[in-house]
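Novice: Dropping the structure in here first, questions after.
The values are calculated or read from the model by the stated rules, or taken from the named source; none is laboratory data. Please read these numbers as outputs of a predicted model, since none were measured by experiment. Note: ideal-geometry Cβ built from the backbone for every residue, glycine included; neighbour counts use all protein chains shown.
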Amino acid sequence: MASGAGSNFEALVEACRSKRLAAEVVLLVVNNPGCGAEQRAARLQVPCQRINHRDHASRESLDNALIAAFRQARVDLVVMAGWMRIVTPLLVEAYPDRLINIHPSLLPSFRGVDAVGQALAAGVQLSGCTAHLVRPEVDAGPVLVQAAVPVLDGDDHDSLTARIQLQEHRILPLAVALTAAQLAAYGAAPAAADAQG
């Protein structure tokens with residue numbers, strides 16, 4: 001799931017294709033027509049479905065459309081790779097402990113929108129990123145992997161974001177691998193099985 005440029009999406013695809021991650025990206029869903037992620041999917045030849053949130057009267061309606069798309073594609077694990085919408089319990093419960101988000105802060109610090117701006121405004125010397133399991137409360141799920149990034153003198157929003165994104169690209173595939181290993185260890189049923197009954 002992506003809303004913007006799609007660099008984390010591409011990092012996941014590259015990790016799979018280079019065999020650093022034993023997985024396959026079977027579907028990208030975007031909510032913003034013409035976004036960078038959609039263009040990357042075309043270049044990388046990954047199936048992409050546009051589910052525009054503007055076409056849905058509620059968050060629940062949007063999440064039901066997402067669930068239907070994921071089940072049709074037989075998705076086992078869902079990654080919010082720059083999905084700039086709040087999801088509802090419907091999606092969280094459809095993919096329990098199989099829904100991962102990447103957030104540009106060291107959670108629990110700077111939850112919500114514009115975490116990089118929040119960090120700069122607070123004057124912290126250390127920021128970073130967190131891959132975590134999604135819960136109904138925003139940016140509150142169990143942490144899977146974190147990476148710290150120093151805030152340098154003269155940093156602005158763009159420079160700090162760029163350094164954080166480098167670490168996001170590194171930890172997101174690791175978070176997917178860790179989650180898949182936990183699911184396998186505990187014998188969790190994949191989403192594809194859920195869709196069949």
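Novice: Can you pull out every residue in region 39-61 that is within 15 Å of Cys16 (Cβ to Cβ) and loosely packed, with under 11 Cβ neighbours inside 10 Å?
Specialist: Gln45
Novice: Taking the stated definitions as given, is Val149 closer than 22 Å to Val25 by Cβ, among the β-branched types (Val, Ile, Thr) and not in a helix (DSSP H, G or I)?
Specialist: So Val149 fails the test.
Novice: Another question, if that's okay. For region 1-23, give me each residue that is without any contact (Cβ under 8 Å) to a residue 12 or more places away in the chain and among the hydroxyl-bearing types (Ser, Thr, Tyr).
Specialist: Ser18
Novice: Could you please tell me which pairs satisfy a Cβ distance under 8 Å, a separation of 6+ or placement on different chains, a first residue in region 117-140 that is outside any loop (DSSP other than H, G, I, E, B), and a second residue that is among the aromatic types (Phe, Trp, Tyr) and at pLDDT 95 or above?
Specialist: Close Cβ pairs satisfying both conditions: Gln118/Phe110; Ala119/Phe110; Ala122/Phe110; Ser127/Phe110.
Novice: Which one of these is farther than 23 Å from Leu21 by Cβ, within 15 Å of the chain's Cα centre (by Cα) and at pLDDT 95 or above: Ser127, Ser105?
Specialist: Ser105
Novice: Related question: Which condition from (1) in contact with a Leu (Cβ under 8 Å, 6 or more places away or on another chain); (2) in a helix (DSSP H, G or I); (3) surrounded by 21 or more Cβ atoms within 10 Å (Cβ to Cβ); (4) not hydroxyl-bearing (Ser, Thr, Tyr) is the one that Glu168 breaks?
Specialist: (1)
Novice: Step by step: first the residues of region 148-162, then only those that are buried (at least 17 other Cβ atoms within 10 Å of the Cβ) and either of a type in the set (Phe, Trp, Tyr) or in contact with a strand residue (DSSP E or B) (Cβ under 6 Å, 6 or more places away or on another chain) (or both), then the one that is farthest from Ala131 (Cα to Cα). Which residue is that?
Specialist: Val151
Novice: Which of the numbered conditions does Asp194 fail, given that it passes all the others? Conditions: (1) charged (D, E, K, R); (2) part of a helix (DSSP H, G or I); (3) modelled with pLDDT of 95 or more.
Specialist: (3)
Novice: Checking Met80 against (1) buried (at least 16 other Cβ atoms within 10 Å of the Cβ); (2) in contact with a helix residue (DSSP H, G or I) (Cβ under 8 Å, 6 or more places away or on another chain); (3) modelled with pLDDT of 95 or more, only one condition comes out false. Which one?
Specialist: Among (1) buried (at least 16 other Cβ atoms within 10 Å of the Cβ); (2) in contact with a helix residue (DSSP H, G or I) (Cβ under 8 Å, 6 or more places away or on another chain); (3) modelled with pLDDT of 95 or more, Met80 violates only (2).
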